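The values are calculated or read from the model by the stated rules, or taken from the named source; none is laboratory data. Just so you know, these numbers come straight off a predicted model, no measurement behind them. Note: ideal-geometry Cβ built from the backbone for every residue, glycine included; neighbour counts use all protein chains shown.
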Ligand code: CUA
């Protein structure tokens, strides 16, 4: 995650294939440049004071063959590494007739990522888990995660520089990508296509974990939030206020009457490390700041300033922090 230039620090087979293509093309170009520039310099230095034309040499078969074979080898080399890249990156699922899918069953994908202005919805259709801005995957070079990338509003672009290519998130269209990490780690992701005022704050994280940690995380995400009898009086008051106010018109908390999907799913909000798609680290102080006036933190975001009283603020923060 702390790479200086993440694109040059590949951490998945896809990103490695891209990096290999880049470096080999760079190498070939550098060699050709050096040869051509070298010959030009040689001609300049040797021919500078010459008054007559140099020897004219027409129709050398050997030279012609050499000049033909060199480029052909280079082109075949480029075709091979490009083909390897295309095959490595291709994540299209086998096409099944639509009726082969059961009702509610997603296509053959493990993850559905939907771009919103300005955050990412993350859904694990097989496990029935929905989250936002944080994608957990098992880190294993052999485990391929096919993800479906789409958008709910405008065109975004899903990109984790260390893990592979970027792919457009287009409303009404399904694009596919392999998501893989060769080793555990946290990989920074970004929206890579200008999509409005807060495009720069449309970050996300891919958290590569061991298979065990991943399964544990998934199981925890499948649980409903704590029963209300375990809440502190402050959190309980916050919960009451949450349902009395307009929060449930935009947000979902699994197992409750809040089922709207306009804003991020809050079921396990407290387990996430950031607020507002990377704009603030998730802490009590920052959550208070966000709820006090989201427009001051992320101008233009869909959440208005509700002008909450200090009491309601404290209560809401206490409740949201129980959503683990
Ligand atoms: Cu979404 Cu830029």
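Only one of (1) outside any strand (DSSP E or B); (2) within 16 Å of the ligand (Cβ to nearest atom); (3) in contact with a strand residue (DSSP E or B) (Cβ under 7 Å, 6 or more places away or on another chain) fails for residue 163. Which number is that?
(2) is the only condition that residue 163 fails.
Being closer than 23 Å to residue 225 by Cβ and buried (at least 20 other Cβ atoms within 10 Å of the Cβ) is the filter here, so list the residues in the stretch 298-316 that pass it.
Across the stretch 298-316, the qualifying residues are 315, 316.
Please tell me if residue 104 is out of contact with any strand residue (DSSP E or B) (no Cβ under 8 Å at 6 or more places or on another chain), modelled with pLDDT of 85 or more and either within 27 Å of residue 250 (Cβ to Cβ) or within 15 Å of the ligand (Cβ to nearest atom) (or both).
no
Which one of these does residue 269 not meet: (1) over 22 Å from the mean Cα position of the chain (by Cα); (2) closer than 22 Å to residue 189 by Cα; (3) in contact (Cβ under 8 Å) with a residue 24 or more places away in the chain?
Against the list (1) over 22 Å from the mean Cα position of the chain (by Cα); (2) closer than 22 Å to residue 189 by Cα; (3) in contact (Cβ under 8 Å) with a residue 24 or more places away in the chain, residue 269 comes up short only on (1).
Report, by residue number, each residue of the stretch 147-165 that is buried (at least 22 other Cβ atoms within 10 Å of the Cβ) and touching a residue at least 60 places away in the same chain (Cβ under 8 Å).
Across the stretch 147-165, the qualifying residues are 161, 162, 163, 164.
How many residues does the stretch 1-15 contain that are part of a helix (DSSP H, G or I) and over 17 Å from residue 85 (Cα atoms)?
Initial filter on the stretch 1-15 (part of a helix (DSSP H, G or I)): 6-8, 13-15.
Subsequent filtering for residues that are over 17 Å from residue 85 (Cα atoms) retains 6.
Total meeting the criteria: 1.
Say whether the condition of being within 16 Å of the ligand (Cβ to nearest atom), surrounded by 16 or more Cβ atoms within 10 Å (Cβ to Cβ), modelled with pLDDT of 90 or more and in a strand (DSSP E or B) is met by at least one residue in the stretch 130-139.
yes
Could you identify the single residue in 266, 316 that is in contact with a helix residue (DSSP H, G or I) (Cβ under 8 Å, 6 or more places away or on another chain) and over 27 Å from residue 156 (Cα atoms)?
Details: 266 fails: over 27 Å from residue 156 (Cα atoms).
Only one candidate passes the filter, namely 316.
Which condition breaks for residue 295 when tested against (1) surrounded by fewer than 16 Cβ atoms within 10 Å (Cβ to Cβ); (2) closer than 24 Å to residue 206 by Cα; (3) at pLDDT 90 or above?
(2)
Every residue, every condition in (1) in a helix (DSSP H, G or I); (2) over 30 Å from residue 142 (Cα atoms), yes or no:
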residue	(1), (2)
17	yes, no
21	yes, no
37	yes, yes
41	yes, yes
44	yes, yes
52	no, yes
59	no, yes
67	yes, yes
70	yes, yes
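Among (1) buried (at least 21 other Cβ atoms within 10 Å of the Cβ); (2) more than 12 Å from the ligand (Cβ to nearest atom); (3) modelled with pLDDT of 90 or more, which single condition is residue 120 missing?
All conditions pass for residue 120, except number (2).
The rows are residues; the columns are (1) within 22 Å of residue 110 (Cβ to Cβ); (2) surrounded by 13 or more Cβ atoms within 10 Å (Cβ to Cβ); (3) within 16 Å of the ligand (Cβ to nearest atom).
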site: 167; (1), (2), (3): yes, yes, yes
site: 179; (1), (2), (3): yes, yes, no
site: 183; (1), (2), (3): yes, no, no
site: 189; (1), (2), (3): yes, yes, yes
site: 193; (1), (2), (3): no, yes, yes
site: 199; (1), (2), (3): no, yes, yes
site: 214; (1), (2), (3): yes, yes, no
site: 231; (1), (2), (3): no, yes, no
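Which members of the stretch 201-212 meet the condition of being more than 14 Å from the ligand (Cβ to nearest atom) and either within 21 Å of residue 275 (Cα to Cα) or touching a helix residue (DSSP H, G or I) at 6+ places or on another chain (Cβ under 8 Å) (or both)? Step through it out loud before you land on a result.
Step one: filter the stretch 201-212 for residues more than 14 Å from the ligand (Cβ to nearest atom), giving 205-212.
Those that are more than 14 Å from the ligand (Cβ to nearest atom) and either within 21 Å of residue 275 (Cα to Cα) or touching a helix residue (DSSP H, G or I) at 6+ places or on another chain (Cβ under 8 Å) (or both): 205, 206, 207, 208, 209.
Out of the residues in the stretch 148-158 meeting the condition of being near the ligand (Cβ under 10 Å from one of its atoms) and within 10 Å of the chain's Cα centre (by Cα), tell me which one is farthest from residue 135 (Cα to Cα).
Within the stretch 148-158, the first condition is being near the ligand (Cβ under 10 Å from one of its atoms), and the residues that meet it are 151, 153-158.
Among the residues that remain, those that are also within 10 Å of the chain's Cα centre (by Cα) are: 157-158.
Details: 157: 16, 158: 12 Å.
That would be 157.
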